[in-house]
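K.L.:
Let me begin by handing over the structure; questions about it come next.
The values are calculated or read from the model by the stated rules, or taken from the named source; none is laboratory data. Keep in mind that this is a model prediction, so the values were computed, not measured. Cβ atoms come from the backbone with ideal geometry, glycine included; neighbour counts cover every protein chain shown.
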Amino acid sequence: MGRPMAKTVYQPVIGLEIHFQLKTKSKMFCSCANQEVGEPNTFICPICSGQPGTLSVANRQAVEWVVLIGLAVGGEMQPSFRFERKNYFYPDLPKGYQITSANYPPTVGGSITVGDKPIRIHHVHLEEDTGKLTHSADGQYSLVDLNRAGAPLVELVSEADFVNGWEAKTFCHELQLILRTLQVSDADMEKGQMRCEVNVSLRPEGQEAYGTKVEIKNINSFRAVEKAIDYEIARQTALLEKGEAVAAETRGWDEDKHQTVGQRLKEEAGDYRYFPEPDLPAIALDQDLYERLSGQLPELPAKKRQRFIDEYGFSLDDARLLTVDGPTADYVEQVISELRAWLVSLEGVSGSADDIWQNNKKKLIKLVGGWLTTGLFGLLKEKGQVMTNVTITPENFAEFITLIYQNKINSTAGQVILKEMLATGGDPSDIMSTKDLGQVEDEGQLTTIINQVIRDNPDIVGQYKKGKKTVIQFLVGQAMKISKGKASPTAIHSLLATALDDDSQSDKIPADD
């Protein structure tokens, strides 16, 4: 008998085309307001509604922003770029063509790193958005809203460097952070401000030629990007393993069924009949523009995350959450600045400001990270609020951290105080005093509580004496109840262990049978 044939291993080849709206005041080629909110077809004019005899004029802000985006992802600005007409017919495309710079983009190249892997970018280009269709529930008619038609739209085209859905999802999220940091787009996928199209093909491992490409269009959530890609890899693998061909087609993502669904056979590029836009000249991009826009680049998300790790000592997970947007990162740095000032102002503390900070930084940063990511952020999520309108000032949050750092309040009291701070914007020390939440620190009071717990729980104390040391946690809980949560669990645990292990306490601890 011959050897069984080895099973073919298929390698995914995945590329992304990501569209996102720019938040300029006006549309791409006319002066209409760039907004969709309001009555349908109210922000339109003869230009964006495709009337004959009109003349398009490029939006200068949109041109500068698309170059800024290209530079932010490490792209190379071209000497010039120009627009073409991409011809196709659809009800929400009033002119019957889309003006785009896809074939002559303003920037080429660049990359965004996912984990430790740079994902290359082919180019970034500028075009105009389409309108919107609203379909009736019975499927008998569709309504066209052109408020979005002609809005400035940027498309980022990646190289086919992705191998799974997680990489693509992470790339999209990082791009969203970059766009929000640049303040050129809100890039909200749920609102359609950022839309992703995925190209997926499979090829036998080691083969150079690509397999048949399938496009999944208009995916509108990070989670759906990941799920759609992973589903499509599995679907195509199953077809190939059965000896069936993969059709070159456009598919969509069905969120309810968690699967891709066929929509139409793929159009060839030639079907679009590109030709130069006769009303728009080529746009020159000179060195002065490059230097001006390069100087406007802020600290980008990846660099800021790394600085939060290196400079402050945050964990990678905390750094991701604390730099999720500009307002959040700014808030964190203001809190840290207040904590540094507080440390230097303490009586009896000597040394340089840097030395004092370094000696206390590790514990303070851990408290800041924990109480922001699992404390404040959790409360904000419950209330549907965001950091841009949080009622707790950085000064008050820093003071709140100092109360915990100095053991003036414990974790239980901290949760009560933080919730009250968010509700009222109040001072944490005042809330602590008003609600009598200060931690019990007097050893005499704590000893009284411990003695009561020992007297009230002879069976548990007996188990401890017989070697079942874990029951001390129950006794700590009882002590915390008596103190109404105001005692330090650490102090209670320490004093309890001492009392239980001390033979001189035999009058309080039942003897073994």
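K.L.:
Which residue, of A209, A224, is in contact with a Cys (Cβ under 9 Å, 6 or more places away or on another chain) and either small (G, A, S) or surrounded by fewer than 16 Cβ atoms within 10 Å (Cβ to Cβ) (or both)?
P.N.:
A224
K.L.:
Condition (residue is closer than 30 Å to L316 by Cα, touching a residue at least 60 places away in the same chain (Cβ under 8 Å) and under 25 Å from the mean Cα position of the chain (by Cα)) applied to region 33-42: is it met by at least one residue?
P.N.:
Checked against the condition, which is being closer than 30 Å to L316 by Cα, touching a residue at least 60 places away in the same chain (Cβ under 8 Å) and under 25 Å from the mean Cα position of the chain (by Cα), region 33-42 yields no hits at all.
K.L.:
Has region 436-458 got any residue that is surrounded by 15 or more Cβ atoms within 10 Å (Cβ to Cβ), among the acidic types (D, E) and touching a residue at least 40 places away in the same chain (Cβ under 8 Å)?
P.N.:
no
K.L.:
Would you be able to tell me the number of residues in region 33-47 that are under 24 Å from P106 (Cα atoms) and in contact with a strand residue (DSSP E or B) (Cβ under 8 Å, 6 or more places away or on another chain)?
P.N.:
Residues flagged as under 24 Å from P106 (Cα atoms) and in contact with a strand residue (DSSP E or B) (Cβ under 8 Å, 6 or more places away or on another chain) within region 33-47 amount to 1.
K.L.:
Among the aliphatic types (A, V, I, L, M) and within 27 Å of D318 (Cα to Cα), is that true of V368?
P.N.:
Criteria met by V368.
K.L.:
Give V246, V144 a once-over and let me know the one that is assigned to a loop (DSSP other than H, G, I, E, B), aliphatic (A, V, I, L, M), surrounded by 14 or more Cβ atoms within 10 Å (Cβ to Cβ) and over 31 Å from the mean Cα position of the chain (by Cα).
P.N.:
V246
K.L.:
Does L343 satisfy the criteria of being farther than 24 Å from H173 by Cβ, of a type in the set (A, V, I, L, M), at pLDDT 95 or above and surrounded by 13 or more Cβ atoms within 10 Å (Cβ to Cβ)?
P.N.:
Against the criterion (farther than 24 Å from H173 by Cβ, of a type in the set (A, V, I, L, M), at pLDDT 95 or above and surrounded by 13 or more Cβ atoms within 10 Å (Cβ to Cβ)), L343 does not qualify.
K.L.:
Considering only residues that are among the charged types (D, E, K, R) and in contact (Cβ under 8 Å) with a residue 12 or more places away in the chain, which ones fall in region 420-435?
P.N.:
Matches in region 420-435: E420, D427, K435.
K.L.:
Return the residues of region 117-141 that are within 22 Å of V184 (Cα to Cα) and assigned to a loop (DSSP other than H, G, I, E, B); say none if nothing qualifies.
P.N.:
Those that are within 22 Å of V184 (Cα to Cα) and assigned to a loop (DSSP other than H, G, I, E, B): D129, T130, G131.
K.L.:
State whether the residues of region 394-406 include one that is over 19 Å from A491 (Cα atoms), out of contact with any helix residue (DSSP H, G or I) (no Cβ under 7 Å at 6 or more places or on another chain), modelled with pLDDT under 95 and loosely packed, with under 15 Cβ neighbours inside 10 Å.
P.N.:
No, region 394-406 contains no residue that is over 19 Å from A491 (Cα atoms), out of contact with any helix residue (DSSP H, G or I) (no Cβ under 7 Å at 6 or more places or on another chain), modelled with pLDDT under 95 and loosely packed, with under 15 Cβ neighbours inside 10 Å.
K.L.:
Check whether at least one residue in region 23-44 is loosely packed, with under 13 Cβ neighbours inside 10 Å, of a type in the set (A, V, I, L, M, F, W, C), in the same structural domain as Y141 (by TED's automatic domain parsing) and more than 17 Å from H123 (Cβ to Cβ), and report yes or no.
P.N.:
Looking through region 23-44, at least one residue is loosely packed, with under 13 Cβ neighbours inside 10 Å, of a type in the set (A, V, I, L, M, F, W, C), in the same structural domain as Y141 (by TED's automatic domain parsing) and more than 17 Å from H123 (Cβ to Cβ).
K.L.:
Being of a type in the set (K, R), modelled with pLDDT of 95 or more and either within 30 Å of V63 (Cα to Cα) or touching a Ser or Thr at 6+ places or on another chain (Cβ under 7 Å) (or both), is that true of even one residue in region 278-297?
P.N.:
The answer is yes; a qualifying residue exists.
K.L.:
Condition (residue is touching a Leu at 6+ places or on another chain (Cβ under 8 Å), in a loop (DSSP other than H, G, I, E, B) and at pLDDT below 95) applied to region 79-93: is it met by at least one residue?
P.N.:
Checking region 79-93: at least one residue is touching a Leu at 6+ places or on another chain (Cβ under 8 Å), in a loop (DSSP other than H, G, I, E, B) and at pLDDT below 95.
K.L.:
Hey, among K217, K132, which residue is outside the structural domain of T24 (by TED's automatic domain parsing), modelled with pLDDT under 95 and under 29 Å from I99 (Cβ atoms)?
P.N.:
K217
This table checks each residue for (1) more than 24 Å from L71 (Cβ to Cβ); (2) more than 21 Å from the chain's Cα centre (by Cα).
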{"residue": "A302", "(1), (2)": "no, no"}
{"residue": "Y312", "(1), (2)": "yes, no"}
{"residue": "D325", "(1), (2)": "no, no"}
{"residue": "D330", "(1), (2)": "no, no"}
{"residue": "I356", "(1), (2)": "yes, yes"}
{"residue": "N360", "(1), (2)": "yes, yes"}
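K.L.:
Return the residues of region 371-413 that are over 19 Å from K435 (Cα atoms) and in contact with a Pro (Cβ under 7 Å, 6 or more places away or on another chain); say none if nothing qualifies.
P.N.:
Across region 371-413, the qualifying residues are M387, T388.
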